[in-house]
1. Which members of region A:3-26 meet the condition of being open to solvent by 20 Å² or more (accessible area, probe 1.4 Å) and either of a type in the set (D, E) or assigned to a helix (DSSP H, G or I) (or both)?
2. Can you tell me which residue among A:G16, A:G58 is touching a residue at least 40 places away in the same chain (Cβ under 8 Å), away from ligand 3 (no atom under 16 Å from the Cβ) and not aliphatic (A, V, I, L, M)?
3. Taking the stated definitions as given, is A:T244 in contact (Cβ under 8 Å) with a residue 24 or more places away in the chain and either part of a strand (DSSP E or B) or farther than 26 Å from A:V53 by Cα (or both)?
4. Within region A:442-485, how many residues turn out to be assigned to a helix (DSSP H, G or I), in contact with a helix residue (DSSP H, G or I) (Cβ under 8 Å, 6 or more places away or on another chain) and open to solvent by less than 70 Å² (accessible area, probe 1.4 Å)?
5. Quick check on region A:79-87. Is at least one of its residues in contact with a helix residue (DSSP H, G or I) (Cβ under 9 Å, 6 or more places away or on another chain), under 30 Å from A:E237 (Cβ atoms), more than 13 Å from chain B (Cβ to nearest Cβ) and open to solvent by 10 Å² or more (accessible area, probe 1.4 Å)?
6. Residues in region A:192-227 that are open to solvent by 10 Å² or more (accessible area, probe 1.4 Å), modelled with pLDDT of 95 or more, in a loop (DSSP other than H, G, I, E, B) and within 13 Å of chain B (Cβ to nearest Cβ): how many?
7. Just give me the residues in region A:319-370 being surrounded by fewer than 17 Cβ atoms within 10 Å (Cβ to Cβ) and among the basic types (K, R), in sequence order.
8. Considering only region B:67-84, state which residues are within 23 Å of B:M208 (Cβ to Cβ) and within 11 Å of chain A (Cβ to nearest Cβ).
Amino acid sequence: MNVAKRTFDAVIVGAGGAGLRAALQLSEAGLKTAVLTKVFPTRSHTVAAQGGVAASLGNSTEDNWHWHMYDTVKGSDWLGDQDAIEFMVRKANEVVIELEHYGMPFDRTDNGKIYQRPFGGHSMNYGQAPVMRSCAAADRTGHAMLHALYQRNVRANTQFFVEWMALDLIRNSEGDVLGVTAIEMETGEVSIFHAKATIFATGGAGRIYYSSTNAFINTGDGVGMAARSGIPLEDMEFWQFHPTGVAGAGVLITEGVRGEGGILRNASGERFMERYAPNLKDLASRDVVSRSMVTEINEGRGCGPDKDHVLLDITHLSPETIMKRLPGIREISIQFAGVDPIKAPIPVVPTCHYQMGGIPTNYKGQVVAPKNGDSNVPVAGFYAAGECACASVHGANRLGTNSLLDLLVFGKSAGETVVEDFKSGNLTLKPLPADAADVSLARINRLETQTGGSEVHDVRLAMQRTMQKHAGVFRFKELLQEGVTHILEVAEQAKVTQIADKSKVWNTARTEALELDNLIEVAKATMISAEARKESRGAHVRDDAPDTAEHPNGRDDQNWLKHTLWYSEGNRLDYKPVNLKPLSADVEPIALAKRTY
Amino acid sequence: MSKRTVQFKIYRYDPDKDAQPYMQDISVELEASDKKLLDAIVRLKTKDDSLSFRRSCREGVCGSDAMNINGKNGLACLTDIDKLAQPITLRPLPGLPVIRDLIVDMTQFFKQYHSIKPYLVNNDPAPERERLQTPEDREELNGLYECILCACCSTSCPSFWWNPDKFVGPAGLLAAYRFLADTRDQATNERLDNLEDPYRLFRCHTIMNCVDVCPKSLNPTRAIGKIKDMMVRRAV
Ligand SMILES: Cc1cc2nc3c(=O)[nH]c(=O)nc-3n(C[C@H](O)[C@H](O)[C@H](O)COP(=O)(O)OP(=O)(O)OC[C@H]3O[C@@H](n4cnc5c(N)ncnc54)[C@H](O)[C@@H]3O)c2cc1C
Ligand code: SF4
Ligand code: SF4
Ligand code: FES
């Protein structure tokens, strides 16, 4: 098969918040850049983000980056790298102000500044009281941000390849990254995008779970491509379950609802979070709130005929506040829960939301992997940012609003690093191996010819049910062990998926089969990493690692204060140290402590 | 809702094998949890994997799954399946070239969006902090910035059907007014010049189809009226 070849200075895969922010850096610097995306840029899932983006602007309450850093490290349960965290929180004001200058329609305070609201886990004075740090455009912050970034890229003349799906990473025998193969959905043609630099910004993989706030397209393609080409995945056992997905539908209700004063109640109407988190209550960190909810439900205090959810109550807020600050939530609640939150509380359950782990990077956006005894050696030509990457700023649990910040800071930083490397002549166009497209062509060809195999939707459902049951909000030793066996069986079926549609044109059956190849890598990485981590930390809480005097909250710093690295080949696990040292001398390391809210 | 079977009539066309488009009669048994039209066609796709449509967020914010549902444009993910008369007739958005089944070529739609220079223009040196804007000035953008570019409006607009290359269409004009209404934007004159043309703005005959179909309850007609007002005010 003849494969067309295109050559660029840089290719960016993904046009969500991270990809678009990186693209701006490259386009404005004049690099010849291709941005590939499965969907029109403004359809990327960043569009669904609701609550806000964190920055210690201090527009409504006193604030500073030291407090933001403390909250983020504590939120991460000390698994976050403190150099990357310092970098992110110190850049926050700059990137949010830039976004405002691009035209982002932030809500405003009475004196005309960016409006900020409280959010879970963000506090004043090292945990004392909630702080107003989340910069918001009503409850449509992601939509406003994604459109503003796209619009700025239109101004910068960025070249997009819309509805092109990247298939595989191209590496040479030294392991350097030379670009990607991609399929144009409209024609079914496979091309090679040959580039000096490749940036992955493909977003999360929340669709490995049955119940998820993520879009259909969130299939972890970048993570899967990286894994298949030999790059390890970092900390994949850590998945955030958002406390408030609409029961039964999965659609998200932002934490901003609680930031505006919303309260979680059990069947007797009790504000149960007061028992679990006396200081921050409903605004405690997400993992804490989700577990408290599941505990209430498990102990019979859930609501509804099946006692399987709790209620999010904002009926005490004025209808004006709801219409002004939470109009989108009201629509969602009416559409997907059938209740108007002005009149009645919204039924909610913890729902898979965010992938803390991903492709390992440093704070410059360079992808790093172990080599010759050094755990963090940059992979030449390869960069990543956003939810697909692990910098690692979120560690074992991300704080709300820190992801949109991550997209801006590390999207920009990855872009800046590429521009620097380009200008200093460090990036060259390395020759393509003759077999550069063979892996991708073989995958496509297998789908053309496969018979007697398994149906894509059956395998996907089996994967989702396995993940939901065996690696959920609470984890159990036996279930994890069985989960590993099950997911490896499902992975075998994923190798023989078959499709009936053989058309070249816009073949969505083929797209879904190709996406499943990525999802299954993520699912294996998650289950195997989770089974292996024999402690509780952040979002990973196991029954055999309970809260004891020796191990508060079940955390075992002596043995497990380290990042997991999972390799697809042989399902091998490796570990690397957490960086507890900040980037500069302006701040002391945040010392290990028990996490309470 | 329990299990029930629903009947569909769906526009099918695969240029790789069909000489002509045709309407397919097909039914599917839904699970109790299937509530929206999108749930139903995703379910249908497990029976016939060749049915092609775009979808992503499943919550009405990405703008992917606009289609013509029983004669009216809308988003599959925000349409209650049980409220639709059967057989549920699904067609691609009218007025744009069909690529396959329910997937249309949106090139012309986005070309018009891009033609209004959809980005903030402010040539003052960037201040160190945010540009200030009063809450009242910010409120002017409500009802404008929320557009999801789904094209339900433009593809229900007769003026856009006849002149997709010349008339900007409701979505593009709504976006044009979003920037005209932004106190931070300095390109008012250029923006109005760009629309001062017998077709680009003035082909709108206030038929209001656009308002009727917008899944986000936006009002392009009102925005268009405001642009016309600005033109008039500028002329005197
Ligand atoms: C409902 C919801 C609400 C949220 N609210 C908030 C919030 O208020 N604050 C906050 O900080 N965080 C929030 N988050 C988290 C945050 O929105 C996401 O982590 C973030 O938007 C991810 O951005 P991204 O740029 O990494 O990826 P995405 O925005 O998911 O973009 C991925 C891009 O990659 C492209 N792509 C993927 N695979 C391929 C491929 N194979 N080939 C070509 N292109 C590909 C896609 O087309 C898309 O353009 C929320 C998340 C959800 C789900
Ligand atoms: S009001 Fe104008 S833009 Fe809207 S449908 Fe009618 S002619 Fe088209
Ligand atoms: S104005 Fe409404 S119908 Fe038109 S593109 Fe925007 S959201 Fe869709
Ligand atoms: S799937 Fe996103 S708008 Fe319907």
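The values are calculated or read from the model by the stated rules, or taken from the named source; none is laboratory data. As the structure is a computational prediction, the values presented were derived from the model and not from experiment. In this analysis, Cβ positions are derived from the backbone assuming ideal geometry, glycine residues included, and neighbour counts consider all displayed protein chains. The area values use the complete protein model at the heavy-atom level, side chains included, leaving out ligands, DNA and RNA. Shrake-Rupley method; radii C 1.70, N 1.55, O 1.52, S 1.80 Å.
1. Listed by number, the residues that qualify are A:D9, A:Q25.
2. A:G16
3. Yes.
4. So the count comes out to 17.
5. yes
6. Count: 4.
7. A:K324, A:K343
8. Scanning region B:67-84 gives B:L75, B:L78, B:T79.
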